[in-house]
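Written out below as structure tokens is the structure these notes cover.
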Amino acid sequence: MTQMDTANTADTANTADAANTAAVTGAADVVNTAGSGQDGSGRRSTGAWTWLARIRRGIHRGARPGPWKRGPVLVALALLLGLLMLGHAEIPNRIGNLGSLVESLLPWFGLFVPVLLAGALWRRSASAVVALLLPVVVWLNLFGGLLGDKSHPGGDLTVASHNVDADNPDPAGTARALAASGVDVLALEELTQQATGTYEKVLAKTYPYHAVRGTVGLWSRLPLSDTRTVDVKTDQGPLADTIPADVKMAYNRALRTTVATDHGPLAVYVAHLGSVRVLPRTGFWTAQRDAGAQALAQAVAAERNERVVLLGDLNGTMDDRAFADLTDQVRSAQDVAGDGFGFSWPAKFPVARIDQILVRGVRPRSSWVLPATGSDHLPVAAGISW
């Protein structure tokens, strides 16, 4: 082989080696570029990863409910609250007088609305906010009229009622406070034999006329006549008829009398109906109270005088179905001419109006709650006109 052939052979080998080296280097660059996400110019390729991120975000958004799908439990509770208040009369009393218990506390169900609203805002649930419109509308329809002041100045006669509490530690102070109220006719309930004399003595100067029957009494600036007891079924059961009359009289709980006014005679009833209890076994026990409400409704229905005022502690609100026969005949002075709910019990933190002023044949002009005394009830008062 010549020297030239040898040189050509070497050049050919070098060329082949260079080509192989270039091929290997190019393959490595391709592998590196694919693995590192860079294109041929050395820039990072983000297109594929961007699309994957967008897909993941889309899936995440799709899995998360929107504002109209959030809070299904809150929606259900709001609708249940509205339907409960709307259909309270349909709640049966067969189990523990549940219907009467709900109706006694009905105004307070409105407190659930702001609680549910707070939950709806926290969950950002538009559907729950809309669902709350039902209980709001129902509550305002039931009690919205009590929020404003409907009282009017004037009145021909002012009346008041107060359960003075058998355990009142200061009956004389209570009597002085009531006399200073300036009312014309004052009904007292839960009088005891020991305290009655104190009330008679302290109230005598302001109210020259009074009548007491058992545990209830009426004091008046105007003459009284035709006073008699009213049987509100305090004694029930098979032995009721065997109780002596003088024993019954000692704890009689209702009376009826006539007040002589400048506009003619006014029939006034004073009543203290039986207590209610919430018991573990029987639930809301109202048997004695309900029997008294029926008897009182019958007495008012039989009253010949067109003008009637009923004063007393009825141990129930006028929303309670137990008083339906009574409220068909008389109106609540607080509902017609009051300012607010007029809650009267318990005195330290009133939650219900169980002390009532009910009228027929006269017009309530105003209704209010008097300051606390030594009793566990607040006194209630009203101005009426003919």
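The values are calculated or read from the model by the stated rules, or taken from the named source; none is laboratory data. Since the structure is predicted, the reported quantities are computational estimates derived from the model, not experimental observations. Positions of Cβ are generated from backbone atoms using ideal geometry, with glycine treated the same way; all protein chains shown enter the neighbour counts. Note: accessible area is taken over every heavy atom of the protein model, side chains too, but ligands, DNA and RNA are not part of it. Shrake-Rupley method; radii C 1.70, N 1.55, O 1.52, S 1.80 Å.
Here is a check on your reading of the model: is Gly82 assigned to a helix (DSSP H, G or I), modelled with pLDDT of 95 or more and more than 12 Å from the chain's Cα centre (by Cα)? So Gly82 fits the description; yes. Looking only at region 350-379, residues that are of a type in the set (D, E, K, R), more than 23 Å from Arg176 (Cβ to Cβ) and not in a loop (DSSP other than H, G, I, E, B) come to 3 in all. Within region 146-160, the presence of a residue that is over 30 Å from Tyr207 (Cβ atoms), assigned to a helix (DSSP H, G or I) and open to solvent by less than 20 Å² (accessible area, probe 1.4 Å) is excluded.
Scanning region 250-260 finds one or more residues that are closer than 24 Å to Thr196 by Cα, more than 24 Å from the chain's Cα centre (by Cα), modelled with pLDDT under 95 and not polar (S, T, N, Q). What tally of residues in region 332-349 results from selecting those that are assigned to a loop (DSSP other than H, G, I, E, B), open to solvent by less than 40 Å² (accessible area, probe 1.4 Å) and within 16 Å of Leu314 (Cβ to Cβ)? So the count comes out to 2.
Say whether the condition of being out of contact with any Phe, Trp or Tyr (no Cβ under 8 Å at 6 or more places or on another chain), of a type in the set (D, E, K, R) and at pLDDT below 95 is met by at least one residue in region 158-166. Among the residues of region 158-166, not one is out of contact with any Phe, Trp or Tyr (no Cβ under 8 Å at 6 or more places or on another chain), of a type in the set (D, E, K, R) and at pLDDT below 95, which makes the answer no. Scanning region 311-360 for residues that are in contact with a Phe, Trp or Tyr (Cβ under 9 Å, 6 or more places away or on another chain), among the β-branched types (Val, Ile, Thr) and within 19 Å of Ala291 (Cβ to Cβ) yields Thr317, Ile354.
Restricting attention to region 295-326, which residues are part of a helix (DSSP H, G or I) and either surrounded by 17 or more Cβ atoms within 10 Å (Cβ to Cβ) or of a type in the set (A, V, I, L, M) (or both)? Within region 295-326, Ala295, Leu296, Ala297, Ala299, Val300, Ala301, Ala302, Arg321, Ala322, Phe323, Ala324, Leu326 meet the criteria.
When Leu273 is tested against (1) touching an Asp or Glu at 6+ places or on another chain (Cβ under 8 Å); (2) more than 23 Å from Asn93 (Cβ to Cβ), exactly one condition is not met: (2). Among the residues of region 102-124, the ones that are at pLDDT 95 or above and crowded, with 16+ Cβ neighbours inside 10 Å come to 13 in all. If the condition is being polar (S, T, N, Q) and outside any helix (DSSP H, G or I), then region 121-145 contributes only Ser125. Residues of region 273-286 that are open to solvent by 10 Å² or more (accessible area, probe 1.4 Å) and either touching a residue at least 12 places away in the same chain (Cβ under 8 Å) or among the acidic types (Asp, Glu) (or both): Ser275, Val276, Val278, Thr282, Gly283, Phe284, Trp285.
Restricting to region 194-209, and then to whatever is out of contact with any helix residue (DSSP H, G or I) (no Cβ under 7 Å at 6 or more places or on another chain) and either assigned to a strand (DSSP E or B) or among the hydroxyl-bearing types (Ser, Thr, Tyr) (or both), can you tell me which residue is farthest from Pro265 (Cα to Cα)?
Thr196
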